[in-house]
Amino acid sequence: MRRRTRKKFINTAIDFDKTQLIDKRLIDKASLWTLRIILNLGGHREFIDKDNYVSKDTILAFLDANQFLDDDEDKFSRAAVLTFFSESLIQLEKQKKFKTNKILSKNIAQISSLMNLNKYEEQILEFVTLLKQYELLDDAVSLLGTELNTTQTKRALSVILNIPRKEIDKAFASDSKLSKSSLVTIDKSNNHSLDRKLDSISDVFLDNLLNLDEDISIMIKESIKACSKSSLKLKDYKHLSKDIDILLAYLQNTIETKQSGVNILLYGKPGTGKTELTKVLAKKLKTKLFEVSYTDEDDAPIDGTARLKAYKSAQALLGNKKTLLMYDEAEDIFESGGGFFAPPTRQKDKAWINRVLETNTIPTIWITNNIYSIDNALVRRFNMSIEIPIPDKSKREDIIRNYSNNLLDEKSVKSLAKHENIAPALISTTAKVISSIETKNNIKAFTHLLSNTLKAQGYGEIKKESSKNSLPNIYNPNYVNTTTDLEKLTRGIKKIKNARLCLYGVPGTGKSAFGKYLADMLDKPLLLKKGSDLISKWVGGTEKNIANAFEEAREEKAVLVFDEVDSFLADRTQAKQSWEVTQVNEMLMQMENFDGVFIATTNLMDNLDKASLRRFDLKLEFNCLKPEQAWKMFKEFARELKLSKVDKVFQRKISSLKNLTPGDFAAVVRQNRFRPIENVDDLILRLQDEIEVKNMDISPKMGFIQ
């Protein structure tokens with residue numbers, strides 16, 4: 001069956017078209033290489049077996065040897081075929097010039113001018129390109145076997161290309177241009193067939209060399225991509241202005257002086273804008289920015305070793321351009337445990353990457369989400385290491401305003417800004433979608449779409465804010481009646497990031513609300529614990545709850561507020577049970593060891609343990625509203641409730657209300673949800689009702705309330 005198939009193919013091969021196998025211009029060169037493999041490297045032993053059958057019908061036809069077929073025997077005369085091949089080889093060896101593919105020749109010349117390759121290196125690059133692209137040559141080198149070592153590979157190249165062996169050794173030395181650029185390398189880790197021992201950046205790159213008549217940056221576009229422009233600007237990174245000023249000046253100098261070994265490390269949580277910042281820097285420096293791809297043409301992930309090959313090639317091929325390189329998701333090569341630098345070769349690989357960081361010709365910005373994955377010895381190799389933190393809340397508000405295309409009101413902007421994982425790109429993408437459709441409620445649609453994206457990214461959807469930890473719609477520290485300027489106090493705490501405050505006063509005066517306001521201004525989460533959250537019926541339970549609350553605040557970097565602190569910080573001199581003393585002791589110990597912002601609120605200042613008061617940095621009394629504060633607050637709430645215009649005639653009525661607090665306004669607004677306020681007079685009456693209820697003297701007092 002095998003011989004019948006061969007005989008049928010060869011008998012019809014009289015009119016065989018060689019251009020079906022290879023470019024017409026390459027026929028002579030491919031014939032020369034194939035004959036050298038068969039005759040000079042012993043490939044004939046695999047080509048014609050002991051029974052005189054040929055293993056590669058295609059090669060037989062390509063070399064015009066089908067004439068030696070014995071029609072009766074369906075065999076070949078070994079001697080006749082080899083004699084014919086020898087004569088053909090002699091004629092080809094006499095040929096002084098060989099044509100090649102025009103596009104390939106042009107592209108190799110382009111690369112050679114960039115890298116200053118010698119003629120032997122050019123020949124090797126041409127051979128590897130054609131070997132990887134044409135099955136005919138792959139069949140030819142397969143005649144050499146499947147277990148070639150590095151020495152055998154070099155010898156084969158020397159014979160096939162007629163290059164002196166010492167020049168082959170130079171071409172593949174560790175510091176050679178081909179090796180350093182990864183244009184052509186020899187896989188020294190395993191024995192393989194010749195086509196597998198020889199490697200390059202990628203098969204796509206070699207395909208482009210053969211078929212694409214473009215600038216070299218296009219040749220490597222599958223592994224090194226030109227970056228798109230960023231919609232952000234330097235002003236969006238004001239929180240990094242000190243670092244950016246130094247970085248820009250340094251990069252400008254290194255680009256102008258063509259300094260080598262320049263590497264910048266940007267690190268921080270995902271979504272903080274590291275990639276976009278790199279694009280902004282490139283735009284400011286008026287340089288082209290290329291990114292080392294982390295996916296191939298099929299969008300499949302590229303491993304760290306392949307990405308480093310692409311990176312090395314870019315250094316060689318783009319070095320003459322005014323260029324920056326970006327290596328995003330650098331964890332794939334910097335992972336210090338179980339990854340690219342895993343034992344037992346970790347130390348060797350660290351030394352290798354150190355050389356990469358010292359010799360790169362193009363300034364490179366490396367980006368990682370996990371600084372802890374990089375060995376400290378490697379971190380020291382970077383010229384600058386800059387943490388890109390999550391922008392503070394006020395900056396996030398600015399970003400959302402700028403990129404939401406006027407689709408959000410101020411309340412929505414402030415609400416969304418509380419979510420740390422909302423990146424500018426998410427805002428602009430969402431705005432683009434919502435702007436292109438008609439919706440009944442743009443804000444609701446915007447939030448819904450944004451929430452879906454966050455959920456898909458693993459951050460969880462946007463949840464409606466809990467009223468427990470959110471400020472009222474109307475909040476102004478100027479509406480708090482106290483002896484201290486709360487805005488100035490907030491600025492001071494923001495500067496030192498550590499404070500222990502005791503806020504006291506009658507209920508409803510805004511003590512807890514100020515804690516929420518302070519957390520917002522510090523751009524920190526709020527951890528609010530009421531007495532009922534902390535007091536346990538079990539012995540030792542309250543102390544444990546207090547300790548856990550401080551630990552939770554420490555882990556979340558939250559502003560910790562203990563509401564109704566008098567419940568468990570009572571005067572120890574009046575204690576009747578040992579646990580009453582131990583819970584106060586636990587509270588004081590935790591306060592001492594806490595280095596964040598802690599606020600205790602109480603309506604019963606006189607009941608607090610006197611020694612504990614010394615532990616607070618500031619004791620601040622909150623009083624009922626002053627007449628002018630009450631009037632301003634009244635007008636704001638009337639507008640919020642969409643009541644008719646508030647005339648000044650009502651000011652006297654409001655000013656006459658004694659013991660009015662912000663809490664009274666909040667209670668009335670909550671009523672409005674199920675008992676709508678009809679007009680301004682109705683609002684005043686309800687405020688009066690709240691005050692009267694507070695002032696009622698309920699008696700007789702019983703039990704522990706007494």
Query raised in the report: Of all residues in region 357-397, which are open to solvent by less than 10 Å² (accessible area, probe 1.4 Å), assigned to a helix (DSSP H, G or I) and either under 16 Å from Tyr250 (Cβ atoms) or polar (S, T, N, Q) (or both)?
Result: Leu357, Ser373
Query raised in the report: If you go through region 501-523 one residue at a time, do you hit one that is of a type in the set (Lys, Arg), assigned to a loop (DSSP other than H, G, I, E, B) and either modelled with pLDDT under 90 or under 39 Å from the mean Cα position of the chain (by Cα) (or both)?
Result: no
Query raised in the report: Regarding Glu276, is this residue in contact (Cβ under 8 Å) with a residue 40 or more places away in the chain, part of a strand (DSSP E or B) and of a type in the set (Asp, Glu)?
Result: no
Query raised in the report: With respect to Arg554, is the statement that it is in a loop (DSSP other than H, G, I, E, B) and open to solvent by 70 Å² or more (accessible area, probe 1.4 Å) true?
Result: no
**Report entry** Hits in region 158-184 - residues which are surrounded by 19 or more Cβ atoms within 10 Å (Cβ to Cβ), under 30 Å from Leu318 (Cα atoms) and in contact (Cβ under 8 Å) with a residue 40 or more places away in the chain
**Finding:** Ile163, Ile168, Ala171, Lys177, Leu178, Lys180, Ser181, Ser182, Leu183, Val184
Report summary line: If we keep only residues of region 457-477 that are open to solvent by 90 Å² or more (accessible area, probe 1.4 Å) and modelled with pLDDT of 70 or more, then the residue farthest from the chain's Cα centre (by Cα) is Asn473
Query raised in the report: Among the residues of region 643-661, is any part of a helix (DSSP H, G or I), of a type outside the set (Ser, Thr, Tyr), closer than 18 Å to Asn481 by Cα and free of Cβ contacts under 8 Å to residues at least 24 places away in the same chain?
Result: no
Report summary line: Among (1) at pLDDT 95 or above; (2) within 46 Å of the chain's Cα centre (by Cα), Leu35 falls short only on (2)
Report task. All but one of (1) at pLDDT 90 or above; (2) closer than 20 Å to Leu526 by Cβ hold for Asn593, so report the exception by its number. Result -> (2)
Query raised in the report: Residues that are farther than 30 Å from Lys322 by Cβ: which helices (runs of 4 or more DSSP H) entirely in region 139-231 hold 2 or more of them?
Result: 150-161, 165-171, 194-197
Query - Members of region 15-31 found to be modelled with pLDDT of 85 or more and surrounded by fewer than 20 Cβ atoms within 10 Å (Cβ to Cβ), listed by number - result: Asp17, Lys18, Thr19, Gln20, Leu21, Lys24, Arg25, Ile27, Asp28
Requested in this report: Specify which of the listed residues (Asp299, Asp203) is under 30 Å from Thr150 (Cβ atoms), modelled with pLDDT under 90 and open to solvent by 40 Å² or more (accessible area, probe 1.4 Å).
Outcome: Asp203
**Report entry** All positions within region 412-424 that are in a helix (DSSP H, G or I) and modelled with pLDDT under 85
**Finding:** Lys414, Ser415, Leu416, Pro424
Requested in this report: Check whether at least one residue in region 291-310 is under 20 Å from Ser260 (Cβ atoms) and touching a Leu at 6+ places or on another chain (Cβ under 6 Å), and report yes or no.
Outcome: no
Requested in this report: Name, by its number, the condition in (1) among the hydroxyl-bearing types (Ser, Thr, Tyr); (2) under 15 Å from Asp187 (Cα atoms); (3) surrounded by fewer than 17 Cβ atoms within 10 Å (Cβ to Cβ) that does not hold for Thr153.
Outcome: (3)
Query raised in the report: Any chance region 573-588 includes a residue that's open to solvent by 10 Å² or more (accessible area, probe 1.4 Å), out of contact with any Pro (no Cβ under 9 Å at 6 or more places or on another chain), in a helix (DSSP H, G or I) and at pLDDT 85 or above?
Result: yes
Query raised in the report: Within region 640-660, can one find any residue that is surrounded by 21 or more Cβ atoms within 10 Å (Cβ to Cβ) and within 25 Å of Glu564 (Cα to Cα)?
Result: yes
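For region 201-223, give me each residue that is among the polar types (S, T, N, Q) and in contact with a Ser or Thr (Cβ under 7 Å, 6 or more places away or on another chain).
Passing the criteria: Ser202, Ser223.
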Requested in this report: Sort out which residues of region 679-706 are surrounded by 10 or more Cβ atoms within 10 Å (Cβ to Cβ), in a loop (DSSP other than H, G, I, E, B) and at pLDDT below 90, and write them in order of number.
Outcome: none
**Report entry** Residue check, Lys229 charged (D, E, K, R), modelled with pLDDT under 85 and open to solvent by 30 Å² or more (accessible area, probe 1.4 Å)
**Finding:** no
Report summary line: Sole miss for Gly273 among (1) modelled with pLDDT under 95; (2) closer than 18 Å to Phe382 by Cα; (3) surrounded by 19 or more Cβ atoms within 10 Å (Cβ to Cβ) is condition (2)
Requested in this report: Output the qualifying pairs, or none if there are none: Cβ atoms under 7 angstrom, residues six or more apart or on different chains, first residue in region 55-66 and open to solvent by 30 Å² or more (accessible area, probe 1.4 Å), second residue part of a helix (DSSP H, G or I) and acidic (Asp, Glu).
Outcome: Ser55/Glu46; Lys56/Asp139; Thr58/Asp139
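The values are calculated or read from the model by the stated rules, or taken from the named source; none is laboratory data. These numbers come from a predicted model, not from an experiment. Neighbour counts run over all protein chains shown; Cβ positions are idealised from the backbone, glycine included. We work out accessible area using only protein heavy atoms, side chains counted, and drop any ligands, DNA or RNA first. Shrake-Rupley method; radii C 1.70, N 1.55, O 1.52, S 1.80 Å.
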